[in-house]
């Protein structure tokens with residue numbers, strides 16, 4: 001397992017733990033900013049298909065939080 005995948009799994013675990021509560025839109029933006037370099041690392045080491053898969057998995061926890069930040073309830 002590469003460093004990129006380990007960081008990606010750690011990011012996903014942090015996102016799921018931190019973003020469970022309401023009112024964490026700032027944490028969602030911080031996780032989005034931290035996830036971009038990790039996504040680049042995964043794409044660099046494993047290719048574009050793994051990068052796209054990591055992008056799809058990473059968007060799922062952030063989607064709800066960023067929508068809540070605008071006042072839209074899922």
### Query
Under a point spin-label approximation (7 Å from Cα along Cα-to-Cβ), what is the residue 56-residue 30 distance to one decimal in nm?
3.0
#### Entry: Estimated inter-spin distance, residue 46 and residue 20, nm [label 7 Å along Cα→Cβ]
2.5
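Here, each number is a calculation from the coordinates, and none is a lab measurement. The structure displayed is predicted, hence computed values, not measured ones. Heads up, the Cβs are rebuilt from the backbone with ideal geometry, glycines too, and the neighbour counts pull from every protein chain shown.
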